[in-house]
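Visitor: Starting off with a structure, shown below.
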Amino acid sequence: MHVVSVAVANSLHRELTEALIAAGKHVICEKPLAPSTDDARAMVDAANKAKGIQTGTGFTFRRSPAINAIKREFENGNLGKPYFFNGHYWCDYSAEANRPMSWRYKGKPGSGALADIGSHVVDLSEYLFGPIESVSGGVFTTFIKERAL
């Protein structure tokens with residue numbers, strides 16, 4: 001099976017994905033799927049209507065042996081019943097103020113680090129524990145307010 005990976009600017013995901021599906025190609029689209037929920041829903045609808053076409057998004061944490069070992073422990077009842085998930089993604093590349101500006105540090109709501117990294121944390125929670133039932137708030141703070149271009 002041949003698959004086309006859509007790994008271009010987020011604003012082009014819908015157009016390319018729908019065209020590839022219409023052309024009968026299997027597609028894996030990078031996240032975030034689209035810049036709006038309307039665009040994402042249209043992509044999902046196109047995928048659902050296509051016959052024999054497989055589509056997906058590459059959430060790589062699902063392939064981690066450590067994550068799958070934890071999943072098995074929960075499934076086997078060895079860790080008890082989970083009641084909540086508190087996810088963090090620790091990365092040191094952005095901790096230094098002298099690091100240059102990156103696309104991860106700017107953009108509209110739902111983009112940047114939240115869409116790039118946060119989407120993995122959300123997917124991981126559902127992969128391990130099932131559908132999210134509720135979300136309680138968080139506060140986002142920009143610690144390094146200026147970076148070199």
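Visitor: For Lys81, which lysines qualify as cross-link partners when the Cα separation must be under 22 Å and same-chain residues fewer than eight apart are set aside?
Guide: Candidates past the 8-residue exclusion: Lys71.
Visitor: Can you give the accessible area of Thr142 in Å² (nearest 10), computed on protein heavy atoms with a 1.4 Å probe?
Guide: Only protein atoms counted, so the area is about 80 Å².
Visitor: Can I get the semi-axes of the range 35-79's equivalent ellipsoid? Compute them from the C-alpha gyration tensor as square roots of 5 times the eigenvalues, in angstrom, largest first.
Guide: They are 32, 13, 11 Å, listed largest first.
Visitor: Computed FRET efficiency, Cβ-Cβ of Met101 and Lys51, R0 41 Å: what is it to the nearest 0.05?
Guide: 0.35
Visitor: How large is the convex hull of the Cα atoms of the range 5-58 per residue, expressed in Å³ as a whole number?
Guide: Convex hull volume per residue, Cα atoms: 60 Å³.
Visitor: Of Pro82, Tyr93, Thr17, which is farthest along the charge dipole of the range 1-107 in the positive direction, counting Lys and Arg as +1 and Asp and Glu as -1 at C-beta?
Guide: Among Pro82, Tyr93, Thr17, the one farthest towards the positive end of the dipole of the range 1-107 is Pro82.
Visitor: Further question on the same structure: Could you name the lysines in cross-link range of Lys145, using Cα to Cα under 20 Å and dropping any fewer than eight places away on the same chain?
Guide: Candidates past the 8-residue exclusion: Lys106, Lys108.
Visitor: Specify which labelled value, from (1) 16.2; (2) 17.8; (3) 15.5, agrees with Kirkwood radius over Cα pairs in Å derived from the coordinates of the model shown.
Guide: Derived directly from the coordinates: (2).
Visitor: Excluding same-chain residues fewer than 8 positions from Lys51, which aspartates and glutamates have a Cα within less than 17 Å of its Cα?
Guide: Glu18
Visitor: Under 10 Å, Cα contacts only: if you run a Gaussian network model on the chain, which one of Asn68, Asn48, Asn98 comes out with the highest mean-square fluctuation?
Guide: In the Gaussian network model the winner is Asn98.
The values are calculated or read from the model by the stated rules, or taken from the named source; none is laboratory data. The model shown is predicted, which means the values in this text are computed figures rather than measured ones. Cβ coordinates were reconstructed from backbone atoms using ideal geometry, including for glycine residues, and neighbour counts include every protein chain displayed. All accessible areas refer to the heavy atoms of the entire protein, side chains included, with ligands and DNA or RNA removed. Shrake-Rupley method; radii C 1.70, N 1.55, O 1.52, S 1.80 Å.
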